[in-house]
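Novice: Take this structure, written in structure tokens, and hold onto it; I'll ask about it next.
The values are calculated or read from the model by the stated rules, or taken from the named source; none is laboratory data. All of these numbers come straight from a predicted model, not from anything done at the bench. We place every Cβ from the backbone using ideal geometry, glycine too, and count neighbours over all the protein chains shown. SASA here: full protein model, heavy atoms, side chains in, ligands and nucleic acids out. Shrake-Rupley method; radii C 1.70, N 1.55, O 1.52, S 1.80 Å.
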Amino acid sequence: MVNTQNFNKTKANPILERTVKISRVAKVIKGGRTLRFTATVVVGNGNGELGIGNGKAANVPDAVKKAVSQAKKNMIIIPLINGTLPYEIRAKFCGSVVLLKPAPEGTGIKAGGTLRAISEVLGIKNITTKVWRSTNPSNVVKAAFKGLNSMVDIKNELELRTTTINNNIHSTKEPVSDE
């Protein structure tokens, strides 16, 4: 028998996860080497939400599990328009510089492995990307996350600016009394 309550819950809000990087880290101690693994993971719902996380554990599945739980805790919402970004983004983190550029319908995802994973979990259908300088996956993910986090919703920003302009215009039109 299928538990419909859990099935419907996961069907309504599926979380996509992509493992970007897994590294083996060796720590040398008195008795020898202790091996641990680090994982960098991106998660999203395919509809404009994105989170990144890093996990470290004695084995790979535990490291990925920790990274996914951290990524779910720091998810952000990105405004998408017709399956692409509303405007071009350029961001820098450590040695990586990332360019995320909206593309017309039918272009697809033109990106390397790291930025492709971000685009897929975010739900972007058409995008062109470029990475300059360092291509370290951890830094590329953090640079893209920094750039996407700095995005503003165009409609909200326009409303905010028009209300500010209208308030300033109305406040200057008030008659000044000569007393």
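Novice: Out of curiosity, is L100 in a helix (DSSP H, G or I), among the hydrophobic types (A, V, I, L, M, F, W, C), touching a Ser or Thr at 6+ places or on another chain (Cβ under 6 Å) and closer than 16 Å to G44 by Cβ?
Specialist: no
Novice: Are any residues in segment 86-114 closer than 26 Å to K155 by Cβ and under 14 Å from the mean Cα position of the chain (by Cα), and if so, which ones?
Specialist: Correct list: I89, R90, A91, V98, L99, L100.
Novice: Looking at T40, T19 in this structure, which one is among the hydroxyl-bearing types (S, T, Y), surrounded by 15 or more Cβ atoms within 10 Å (Cβ to Cβ), under 19 Å from N149 (Cα atoms) and in contact with a helix residue (DSSP H, G or I) (Cβ under 7 Å, 6 or more places away or on another chain)?
Specialist: Result of the check over T40, T19: T40.
Novice: Could you tell me how many of the residues in segment 145-166 are modelled with pLDDT under 80 and open to solvent by 70 Å² or more (accessible area, probe 1.4 Å)? Give the derivation first.
Specialist: We begin by selecting, within segment 145-166, every residue modelled with pLDDT under 80; these are 164-166.
Then keep just the ones that are open to solvent by 70 Å² or more (accessible area, probe 1.4 Å); that gives 165-166.
Total satisfying the criteria: 2.
Novice: Moving on. Just need a number here: residues in segment 46-79 that are open to solvent by 20 Å² or more (accessible area, probe 1.4 Å) and small (G, A, S).
Specialist: Residues meeting the conditions: 3.
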